[in-house]
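First comes the structure, then the notes that go with it.
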Amino acid sequence: MTAEDNLRAINQAISQAAERAERKAADITLIAVSKTHAAHEIVPLLDARHVHFGENRVQEAAAKWPPLKALYPHTVLHLIGALQSNKAAEAVRLFDVIHSLDRPRLVEALAQAMAEHQRHPEVYIQVNIGDEPQKSGVALETLESLVAHARSLHLPVVGLMCIPPVDIEPAPYFALLAKLARRYNLPRLSMGMSSDFDVAIQQGATDVRVGSAIFGPRPPATDDL
Ligand SMILES: *Cc1c(COP(=O)(O)O)cnc(C)c1O
């Protein structure tokens, strides 16, 4: 199976999951997570007119994507990994959507970078939905104040993002993220990966982030989450 075959299969599976959930497949964005994969592996998907791609490191994306974006200008590039404040400006220049806002310092760095560069990537707030000490994401009890802070500095916050704990049924975590998004009037939900995007769609995901099911296995990374 090539990555294009896999992409077709995932799109099909998304349609079926949407149908089961009585939702429209067109309301669900498939982000192909291309982290660790080289440009030559990505190009066939760009040629197949896939639009949304995700990367988890600013440095890696900065090396890989500018030439690809020049050739495929309709590409929408998503940052799905942790962002350091000192890389906020580079992230704002490079990415169209940022899924990993999780602290006040980063609100300020992004607001400043957006004003400076006159670019306003959409922002998702990442929530530490399983309250896990090692995971990034804002704590549940701090979410409300982070949403307020981001809105007060006019960041274009559109949704919430989460990575649920591994090896536990993810549906309750996805449902909780959906409930929080409704509470704060945020329309978009970035949740669901290769192993659980269908469950996430059942719970209202608008953006699923699928890597290995499209590109195949990655070399193990210690800082994946
Ligand atoms: C790597 C990654 C994914 C994709 O994971 P797969 O299991 O390969 O689909 C999704 N979201 C985030 C935040 C990631 O870092």
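Every number in this text was worked out from the coordinates using simple rules, so none of it is lab data. On a predicted model such as this, the values are computed, not experimentally measured, just so you know. When we count neighbours, we look across all protein chains shown, and the Cβ atoms used for this are built from the backbone with ideal geometry, even at glycine.
General observations
- Helices (runs of 4 or more DSSP H) (entirely within region 15-110) containing at least 1 residues that are under 20 Å from residue 217 (Cα atoms) and in contact (Cβ under 8 Å) with a residue 60 or more places away in the chain: 39-47
- Residue in region 88-105 that is farthest from residue 149 (Cα to Cα), counting only those that are within 16 Å of the ligand (Cβ to nearest atom) and out of contact with any His (no Cβ under 9 Å at 6 or more places or on another chain): 91
- Taken together, 20, 8 contain a single residue that is away from the ligand (no atom under 16 Å from the Cβ) and surrounded by fewer than 13 Cβ atoms within 10 Å (Cβ to Cβ), which is 20.
- The strands (runs of 3 or more DSSP E) located wholly in region 141-225 that include 1 or more residues which are of a type in the set (Val, Ile, Thr) and within 15 Å of the ligand (Cβ to nearest atom) occupy 207-210.
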